[in-house]
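Chemist: Let me give you the structure first, and then I'll get to my questions.
Each value in this text was obtained by applying a stated rule to the coordinates, not by laboratory testing. Remember, predicted model here, so these are calculated numbers, not experimental data. Heads up, the Cβs are rebuilt from the backbone with ideal geometry, glycines too, and the neighbour counts pull from every protein chain shown.
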Amino acid sequence: MRSIKCCVLLIILSVIFSFSVAFSGQDGLPDEFCYLDNILSDVVYDVRYFGSDNFVGERIDGYKTERIILTRDAAAALAGAQKDLAPFGLGLKIFDGYRPQDAVLHFVRWAED
């Protein structure tokens, strides 16, 4: 079981990106970041780390709201994909975006347990 937890942690850590710029933008976010639901309102959101339906089984530290934060470029790309899918009756389901440092530390503590 420990090796599975370590593998999961390595996968999680491999997709985390740095968020070290100063807060200055709208909604308290840096200018290059946004809340995705401000850009895309017609997708399904399932922010599992805000609740307990995730691999840890509890709400993850750092998730203060059930909203996704992404770079504006990533949000624009997803908006384009959503638009391309619409004619087929399909759409996106978004689970996660920017991961707060507190969440990373939570995963590390979980993996060490």
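Chemist: State the percent of C-alpha pairs, over all pairs in the range 25-113, separated by a distance greater than 16 angstrom. Mind showing how you got there, number by number?
Modeler: On the way: 2244 of 3916 pairs.
Of all Cα-Cα distances in the range 25-113, 57 percent exceed 16 Å.
Chemist: Further question on the same structure: I'm checking a number: the convex hull volume of the Cα atoms of the range 23-72, normalised per residue, in Å³. What is it?
Modeler: Hull volume normalised by residue count: 82 Å³.
Chemist: Let me ask something else. Can you compute the FRET efficiency between Asp53 and Asp31 using 1/(1 + (r/R0)^6), with r the Cβ-Cβ distance and R0 = 25 Å? Round to the nearest 0.05. Numbers along the way, then the final one.
Modeler: Numbers: r = 33 Å, r/R0 = 1.31.
Efficiency for this residue pair is about 0.15.
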